[in-house]
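A quick write-up on the structure given underneath.
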Amino acid sequence: MKILNRPLRAAGLASLVTLAALAVGVTLPAWAAPTRYEAESATISQGVVESNHAGFSGSGFVNTDNAVGSAVQWSVTLPSAGNATLTIRYANASGANRPADIIVNGTTVAAASAFNVTSAWTTWTDKSVTALLAAGTNTIRVAATTAQGTANLDYLDVEVITAPSETLLSRGRPATASSVEDATLPAANAVDGSTTTRWASAAGVDPQWVRVDLGAPSSITRVELNWEAAYATGYRIEVSADGSAWTSVYSTTTGNGGTDAITGLGANGRYVRVYGTARATQWGYSLWEFDVYGTGPSVPPSPSAPPSPPTGTTPVAINGQLRVCGVKLCNRYNQPIQLRGMSTHGIQWYPQCVNDSSLNALATDWNADVLRVSMYVQEGGYETNPQLFTDRVHGYIEQATARGMYVIVDWHMLTPGDPNYNLARARTFFTAIAQRHANKTNILYEVANEPNGVGWPAIKSYAEQIIPTIRAIDADAVVLVGTRAWSSLGLSDGSSETEVINNKVNATNIMYTFHFYAASHGSSYLNALSRAADQIPMFVTEFGTQEASGDGPNNFTQAQAYLDLMAAKKISWTNWNYSDDFRTGAVFTTGTCGTGPYAGTSRLKPAGVWVRDRIRTADNFPTG
C-alpha cells in the first residue's frame, strides 16, 4: 500500500483496495504489527520456487507459470474475526502489468488487481488490500487472470486491525464530477464500494475532478484512491465547507497509479474532491474507488434532518429542488407531485409573447407551475445565432425564476430528426445554460424535443452523451429525454413503449417525454402512456387539444381523458402553446402579444380557455 503522508510521500507500498463490505459508518480499527507468511511455504498452483533474483525475503520467491489461474495460496489462522491489511510483496520486470485476483476465503476482494511493472526483477514492491478475516483458518489466494501469469511473489504480510480509530465517511454519499467519459461511468461509481465499477472523466482534458458530499462538516484523516489504468501523475486532494471555496490539503506531481493511501490529513470539511492536473495516459482520469475516512461528522448528517417548511407560496418555494423517485417526480419532501403549465411557441418567431406582462399573467392569473422555453435548433433558431438565442433563454429563465415557476429548457430539435446531428451544438448550449443556472432549484433540461426518423438506440446513445455534459455542472436537476417518433414512445412508428422500458437510458434522475394531440392520438396512445407511467418516469412536455399539426378542431373529451389519467398518475404536463399564432392550438387570439391583455379570458381562443381553467385548479403539493 502506498502510504502518502501529508506533506511527505513514503515510497514502496503500492496499492490498496477497500473491501466492498465496509459500509458507511463501519468502525475501522488501528494497525497492529504484521505477521509474515513466505510464498515459498504456501500452496503453489502452476509455479516454482526460485532464488535467482536478489532482494527476496526468506529462502526464495514463487515464479508462477504463464497461465490463467496460476496461483499462490496462504493459510492464515486468527484467534478472532476482524479486519486485516493483506500486503503482498512482488516484482515484475516483464514490461507489462500482470493482473491477478486476490481471493479471501473464496470471495474475490480485488478482481484483476494490477501488479504493475517494477524497474527490475530485483526491485520489490507491495500491493495491499483490506479484508475481513474469520476466526480460525483463512485462505488467501493470488491467482493470475491472464495467460502471462502474475508477478514473482515474495511474501504475504497480515496486519490485523485491533482498535477503533476512524470511520469510512464517503461510501454511498452523493458524488459529482467535472465530466464523465459516458453515462455508464458516473461519479457515483467511485463511492459505491465496488472495485468492478468506476468513474472516468472525459478523455484528453485537464483539469478534471470528482467530489463527494459527506453530508455534514467532518474531520477528515485520510483518503484512499484506487486508480484504474487511467491514473493521475499530478493531482490535489481538496476540501470545502460549501462546495465552492476549496482548500488543498495534499498534492503530488509524481503519482504512479495503483492505490494511494493519503494519511495524516487533519482536515475539516463537508466536501472532498480529487482534482486531477496531469494525466498519465491519453485518456482521462479514472477511479475504481474514492474513500474518505475520518472521525465522523461534527454535526449530524443533513439527511437525518427533515427539510424546513416552505418559506413562500410559489411552486418553487414550496417544492424546492425536484428529483425522480421511483417513477414519479418528487419534491424536496420526497412527495410525488404534478406540475402543470405552458410551453412557449418557438422563441425565434414569438418572442413578443414572452414578456413581463404575459409571464405575470401566467404565474398569478393562470397559476402555472412551470414554463417550457422552446428554443428551436433549426427552423431559423439556435443555429442561426447561438449567442442570441442562448441569451434569450437565459433571460426567460431569470424571468420565470423571479415568479417562482419551474423552467423546462427545451432543446427543440425537429428537423433533422436524429438528435445526434446536433450533439455538438447541444453540448455547447447546455454547458452555457448549466454554468449560469446550476445553483437554481427550478431548472429541468429537455435534451431532445421530438426525435423522428431514427430508432430508439440512436436516441438513447445521444442521451447518454449529452446527460454527462449537464451532470458535470448541474448534478441535481432532472433531465427529460425525448422518445422515438415525435416523442410518442415509438407508437407513431408502429412500435410501443416496451422499446424504452426494455432498454432504458443508462442515467439516473431522468424522465421520458410523451407528446400527444387529442384530435389525432386516441385510446391506443392514451393506454400506452398509462402502461409506460407504471414502469418508467414520464413527463408530458407537449400536448394539444387539436390535431397533431397544432391546428384544426379541438377534441376536449379526449383531451380530458388524458388529463384525468395524468392527474391520477401524477404525470406533469405543459400545453402547446403560449402564443398568438393563428392555429387553434395557440391560446391567444392573433394580435394579443405585445399589447395584451394576457390575464382573464377575453383574448383567449377556446383551447386557451379550456387549458387555463385546468391549470388554475388547486395544486396538490404535499409537504409532510
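Search region 120-139 for residues being assigned to a loop (DSSP other than H, G, I, E, B) and modelled with pLDDT under 90, and hand back the single one that is least open to solvent (accessible area, probe 1.4 Å).
ALA134
Look through region 260-285, keep the residues that are assigned to a strand (DSSP E or B) and among the aromatic types (Phe, Trp, Tyr), and return whichever of them is surrounded by the fewest Cβ atoms within 10 Å (Cβ to Cβ).
So, considering only residues that are assigned to a strand (DSSP E or B) and among the aromatic types (Phe, Trp, Tyr), the one surrounded by the fewest Cβ atoms within 10 Å (Cβ to Cβ) is TYR275.
Just to be sure, is GLU450 open to solvent by 10 Å² or more (accessible area, probe 1.4 Å) and either in contact with a strand residue (DSSP E or B) (Cβ under 9 Å, 6 or more places away or on another chain) or modelled with pLDDT of 95 or more (or both)?
Yes.
For region 182-223, enumerate the residues that are assigned to a loop (DSSP other than H, G, I, E, B), buried (at least 17 other Cβ atoms within 10 Å of the Cβ) and of a type in the set (A, V, I, L, M).
Those that are assigned to a loop (DSSP other than H, G, I, E, B), buried (at least 17 other Cβ atoms within 10 Å of the Cβ) and of a type in the set (A, V, I, L, M): ALA183, LEU185, ALA202.
Among the listed residues THR167, THR233, identify the single one that is out of contact with any Asp or Glu (no Cβ under 8 Å at 6 or more places or on another chain), open to solvent by 10 Å² or more (accessible area, probe 1.4 Å), part of a strand (DSSP E or B) and closer than 21 Å to SER113 by Cβ.
Sole residue among the options that is out of contact with any Asp or Glu (no Cβ under 8 Å at 6 or more places or on another chain), open to solvent by 10 Å² or more (accessible area, probe 1.4 Å), part of a strand (DSSP E or B) and closer than 21 Å to SER113 by Cβ: THR233.
Go through region 590-624 and report how many residues are loosely packed, with under 13 Cβ neighbours inside 10 Å and part of a strand (DSSP E or B).
0
Sort out which residues of region 50-61 are outside any loop (DSSP other than H, G, I, E, B) and surrounded by fewer than 16 Cβ atoms within 10 Å (Cβ to Cβ), and write them in order of number.
GLU50
Across region 108-118, what is the number of residues that are at pLDDT 90 or above and open to solvent by 60 Å² or more (accessible area, probe 1.4 Å)?
1
Scan region 309-321 and report the pairs whose first residue is on the phi > 0 side of the Ramachandran plot and whose second residue is surrounded by fewer than 18 Cβ atoms within 10 Å (Cβ to Cβ) and of a type outside the set (Gly, Ala, Ser), with Cβ atoms within less than 6 Å and a gap of 6+ or a chain change.
Note: pairs meeting the criteria are GLY320/ARG332; GLY320/THR441.
Taking region 469-505, which residues are over 22 Å from CYS330 (Cα atoms), buried (at least 23 other Cβ atoms within 10 Å of the Cβ) and not hydrophobic (A, V, I, L, M, F, W, C)?
Answer for region 469-505, where residues must be over 22 Å from CYS330 (Cα atoms), buried (at least 23 other Cβ atoms within 10 Å of the Cβ) and not hydrophobic (A, V, I, L, M, F, W, C): ARG484, SER487, SER488, GLU497.
Could you check how many residues of region 551-567 are acidic (Asp, Glu) and either touching a strand residue (DSSP E or B) at 6+ places or on another chain (Cβ under 7 Å) or in a loop (DSSP other than H, G, I, E, B) (or both)?
At the first step, the residues of region 551-567 found to be acidic (Asp, Glu) are 551, 564.
The next check asks that each one be either touching a strand residue (DSSP E or B) at 6+ places or on another chain (Cβ under 7 Å) or in a loop (DSSP other than H, G, I, E, B) (or both); those that pass are 551.
Matching residues across region 551-567 total 1.
Any chance you could count how many residues in region 268-304 are closer than 9 Å to ALA216 by Cα, at pLDDT 85 or above and among the hydroxyl-bearing types (Ser, Thr, Tyr)?
Adding up the residues that qualify gives 1.
Looking at (1) at negative phi; (2) open to solvent by 50 Å² or more (accessible area, probe 1.4 Å); (3) not in a helix (DSSP H, G or I), which one does LYS570 not meet, given that it meets all the others?
(1)
Do any residues in region 139-157 that are at positive phi have Cβ atoms under 6 Å from those of residues that are open to solvent by less than 10 Å² (accessible area, probe 1.4 Å), where the two are at least six apart or on different chains, and which pairs are they?
GLY149/THR64; GLY149/SER70
Taking the conditions exactly as written (within 12 Å of ARG340 (Cβ to Cβ) and of a type in the set (Phe, Trp, Tyr)), does PHE621 satisfy them or not?
Details: within 12 Å of ARG340 (Cβ to Cβ): yes; of a type in the set (Phe, Trp, Tyr): yes.
Yes: the conditions hold for PHE621.
Hey, could you check region 360-414 for residues that are in a strand (DSSP E or B) and either open to solvent by 10 Å² or more (accessible area, probe 1.4 Å) or of a type in the set (Val, Ile, Thr) (or both) and say which is farthest from ALA599 (Cα to Cα)?
Per the criteria, the residue is TYR376.
Can we say THR344 is open to solvent by less than 10 Å² (accessible area, probe 1.4 Å) and closer than 15 Å to TYR598 by Cα?
The answer is yes for THR344.
With a cut-off of at least 2 residues that are within 22 Å of the chain's Cα centre (by Cα), name the helices (runs of 4 or more DSSP H) lying wholly within region 435-510.
Hits in region 435-510: 456-471, 498-501.
Where residues in region 62-92 are open to solvent by 10 Å² or more (accessible area, probe 1.4 Å) and modelled with pLDDT under 85, which of them is nearest to the chain's Cα centre (by Cα)?
ASN83
Kindly check whether there is at least one residue in region 376-386 that is within 21 Å of PHE543 (Cα to Cα), in contact (Cβ under 8 Å) with a residue 40 or more places away in the chain and in contact with a strand residue (DSSP E or B) (Cβ under 7 Å, 6 or more places away or on another chain).
yes
Looking at region 543-567, which of its residues are among the charged types (D, E, K, R) and either under 15 Å from ARG614 (Cα atoms) or modelled with pLDDT under 95 (or both)?
ASP564
The values are calculated or read from the model by the stated rules, or taken from the named source; none is laboratory data. Given the structure is predicted, the values throughout are model-derived calculations rather than measurements. Note: ideal-geometry Cβ built from the backbone for every residue, glycine included; neighbour counts use all protein chains shown. The accessibility values were calculated without ligands, DNA or RNA, using every heavy atom of the protein model including side chains. Shrake-Rupley method; radii C 1.70, N 1.55, O 1.52, S 1.80 Å.
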